[in-house]
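A short worksheet on the structure shown next.
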Amino acid sequence: GAYSRLDAGLNDADCRSHRLDVGVSEDGFDPEEDLRIVAAHVPAYKETEEAHREAAASHMMQARTAHVQDQLVEMTDALRAGEFDRIFETAEHDSLSLTATTMTGPAGWVYWQPETIAVFNAVRELREEGVPVYFSTDTGASVYVNTLADHADAVEARIAEIGIDTDIWKVGGPAHLLDESEALF
């Protein structure tokens, strides 16, 4: 539950996730209590394993692998300090870096859809209006919009204006299996 760091290994048995201690910022932001994720579900089919193969074959993978180490240090420090903007600026940047790597594999797959870009633009507009909000993605078309609990409804309303189905999530507690009806994938 909460925030963790996945340490990579050479096989599944060596890959382990370790929970990170997080702090509360001077202004009272608690990353475990105050964060909300507006999940913007943009439909697009992808094969996760294929995306992994594409990324591994990208000419950018070596640079990403080196860069992500610095981002992990930055993210861990930002979480310990409870610094919302620093946490999610780092996450947003990392999402773009990850996608650049998958898009530059041999097949040049682009999973983003026009709605994906529309969500990015809406997030940036909200931020210009003073709303604390950042986007993140995995290798697919859906967008995870990170904001504070006080702004989640307004952020969700702006994303809904684009015509995208949304859910509001919060940071989870201890890990557990979801019923099939609750699973995202």
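The values are calculated or read from the model by the stated rules, or taken from the named source; none is laboratory data. Just so you know, these numbers come straight off a predicted model, no measurement behind them. Because the Cβ atoms are built from the backbone with ideal geometry, glycine has one as well, and the counts that use them run over all protein chains shown. All accessible areas refer to the heavy atoms of the entire protein, side chains included, with ligands and DNA or RNA removed. Shrake-Rupley method; radii C 1.70, N 1.55, O 1.52, S 1.80 Å.
GNM on the chain, alpha-carbon springs under 10 angstrom: the most fluctuating residue among D70, D12, D27 is D12.
Between amide H atoms placed 1.01 Å from N, distances below 5 Å from G23 occur with R80, A81, G82, all of them 5 or more places distant or on a separate chain.
Extension gain, A149 to D167: 0.36 nm times the residue separation minus the Cα-Cα distance gives 5.2 nm.
Positive end of the dipole of the stretch 49-178 (Cβ unit charges, origin at the Cα centre): among F88, A118, V68, the Cα lying farthest that way belongs to V68. Each residue of the stretch 127-135 was assigned a 3J(HN,Hα) from its phi angle through the Karplus expression (A = 6.51, B = -1.76, C = 1.60, θ = phi - 60°), giving 5, 5, 7, x, 7, x, 7, 9, 9 Hz with x at Gly and Pro.
If you place +1 on the Cβ of every Lys and Arg, -1 on the Cβ of every Asp and Glu, and leave all else neutral, what size is the dipole of the chain about its Cα centre, to the nearest 20 Debye? Could you put the intermediate results ahead of the total?
Numbers: 13 positive and 36 negative charges, 116 e Å.
The dipole magnitude comes to about 560 debye.
Share of carbon and sulfur in the accessible area of the chain stands at 51%, probe radius 1.4 Å.
Calculated from the structure at hand, Kirkwood radius over Cα pairs in Å is found among [x] 21.1; [y] 17.5; [z] 19.4 as [y]. Phi angles across the stretch 117-122 convert, under the Karplus curve 6.51 cos²θ - 1.76 cosθ + 1.60 with θ = phi - 60°, into 3J(HN,Hα) values of 5, 4, 5, 3, 5, 4 Hz, Gly and Pro given as x.
Remark: the stretch 2-123 carries 56 Å² of accessible area per residue (probe radius 1.4 Å; ligands, DNA and RNA excluded). 3J(HN,Hα) along the stretch 160-167: 4, 4, 6, x, 10, 5, 9, 9 Hz, from the Karplus curve 6.51 cos²θ - 1.76 cosθ + 1.60 with θ = phi - 60°, whole Hz, x for Gly and Pro.
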